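Trainee: Before I ask anything, let me first share the structure, which is written out below as structure tokens.
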Amino acid sequence: MAVLPVPMPSAKMAAVEKRRPAVAPPAGFTDSGRQSVSRAAGAAESEEDFLRQVGVTEMLRAALLKVLEARPEEPIAFLAHYFENMGLRSPVNGGAGEPPGQLLLQQQRLGRALWHLRLAHHSQRAAFNNNVSVAYECLSAGGRRKRPGLDGRTYSELLRRICRDGQAPEEVVAPLLRKVQCRDHEAVPLSVFRAGTLTCFVLLEFVARAGALFQLLEDPVASVADRRVGQAVLDTLEGALQASDAAAPARFLEAGSRLGPDSLALALDRAVGGRRPSAPMTREEFLERAAALFIAKVKPVG
């Protein structure tokens, strides 16, 4: 039987074999085959220490807490937006692009602050106060030509953005802004910032509830309400607000919620009982007068 010749390795195969790395023994095992537990534990501990030292652990924890607070419909998109804008909170980026880029940076910070403020409803006190602090920090970052701190100009612009995005009529919110905004050059402390933003959010909700109430009173064809009926409801609302001694804006909503069916029915009966013809009341007038009752209870800044 003929013996087949054994093919000799070519120069190319020899080069490949030469470049192939030597197989190392499995990591974590000693020569005797026992696993080195201490080495694996030390590596895991060093990795955890590194993540903790560079702030990644705390950053991820804060991000997950925001997801739990907001409970968004799309958590992944929410986290992407969260991490995308985190750099705007850093004072290092405060002077980028000055002077032409400063306005853009300021608008980005305002948008970021608004995003934080809307994460939790103001009735969730702990979460809302935490988001207020983050928004304040975002707007207070300084740059090369700007000291850290929040000035009245940025604060007032934020309040206007809150009211504008809430789609409240300008003539309704203008009196409130005159009460709670600061002068452009003034330094705004966190307590004033918190009170102003909270008041604006509560006013928006108060106006929305007043709008829903007017919808029950208005004529669906003419889109107006009987003036006697509207005035009776406003008088009842004013009495509920005056009976509330609390100065916190959120308490004003509670006072308005005390307008039960009995008190409203009694007011409407008295209004409809009059025989004199009544002029119509528009939605805009009703909302403006209802907001004026709320704003009268708000204490001015300073």
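The values are calculated or read from the model by the stated rules, or taken from the named source; none is laboratory data. All figures in this text were calculated on a predicted structure; none of them were measured in a lab. Cβ: placed from backbone, ideal geometry, glycine included. Neighbour counts: every protein chain shown. What goes into the accessible areas is simple: the full protein's heavy atoms, side chains included, and nothing from ligands, DNA or RNA. Shrake-Rupley method; radii C 1.70, N 1.55, O 1.52, S 1.80 Å.
Trainee: At Thr282 and Arg209, where each label point lies 7 Å from the Cα along Cα→Cβ, what is the point-to-point distance in nanometres?
Mentor: For the pair Thr282/Arg209, the computed spacing is 2.6 nm.
Trainee: In terms of solvent-accessible area of protein heavy atoms at a 1.4 angstrom probe, what is the ranking of Ile162, Ile76, highest value first? Intermediate values should be presented prior to the final figure.
Mentor: Values: Ile162 5, Ile76 130 Å².
Result of the area sort, largest leading: Ile76, Ile162.
Trainee: Top to bottom by accessible area (1.4 Å), largest first, where do Glu170, Glu47, Glu205 land? Let's see the in-between values first.
Mentor: On the way: Glu170 140, Glu47 120, Glu205 45 Å².
The ordering from most to least exposed comes out as Glu170, Glu47, Glu205.
Trainee: OK, next. When the solvent-accessible surface of protein heavy atoms is calculated with a 1.4 angstrom probe, in what order do Ser191, Ser156 fall, highest first? Intermediate values should be presented prior to the final figure.
Mentor: Numbers: Ser191 75, Ser156 5 Å².
Ranked list, largest accessible area first: Ser191, Ser156.
Trainee: Shifting gears a bit: Using a cut-off of 11 Å between beta-carbons, work out the net charge of the residues near Gly166 (Lys and Arg +1, Asp and Glu -1, Gly166 not included). Before the final figure, lay out each step's value.
Mentor: Details: positive: Arg118, Arg160, Arg161, Arg164; negative: Asp165, Glu205.
Every neighbour counted, the sum reads +2.
Trainee: Want the number for Lys297 to Arg153: 0.36 nm per residue separation, take away the alpha-carbon distance, what's left?
Mentor: Details: separation 144, 0.36 × 144 = 51.84 nm, distance 2.44 nm.
This chain segment gains 49.4 nm when fully extended.
Trainee: Another question, then. Which distance in nm do the two modelled labels at Ser123 and Ala62 give, with both placed 7 Å along the Cα-to-Cβ direction?
Mentor: For the pair Ser123/Ala62, the computed spacing is 2.9 nm.
Trainee: Does segment 184-247 come out rounded, prolate or oblate, given a ≥ b ≥ c as the square roots of the eigenvalues of its C-alpha gyration tensor, rounded meaning a/c under 1.5 and, failing that, prolate meaning a/b above b/c? Present the calculation step by step, with values, prior to reporting the outcome.
Mentor: On the way: a/c = 3.67, a/b = 2.10, b/c = 1.74.
Verdict is prolate for segment 184-247.
Trainee: Let me ask another. If Lys and Arg each add +1 and Asp and Glu each add -1, what is the summed charge of the other residues whose beta carbon sits under 13 Å from the beta carbon of Leu114? Don't skip to the answer; put the middle values down first.
Mentor: On the way: positive: Arg109, Arg112, Arg118, Arg160, Arg161, Arg164; negative: Glu157, Asp165.
Combined, the nearby Lys, Arg, Asp and Glu give +4.
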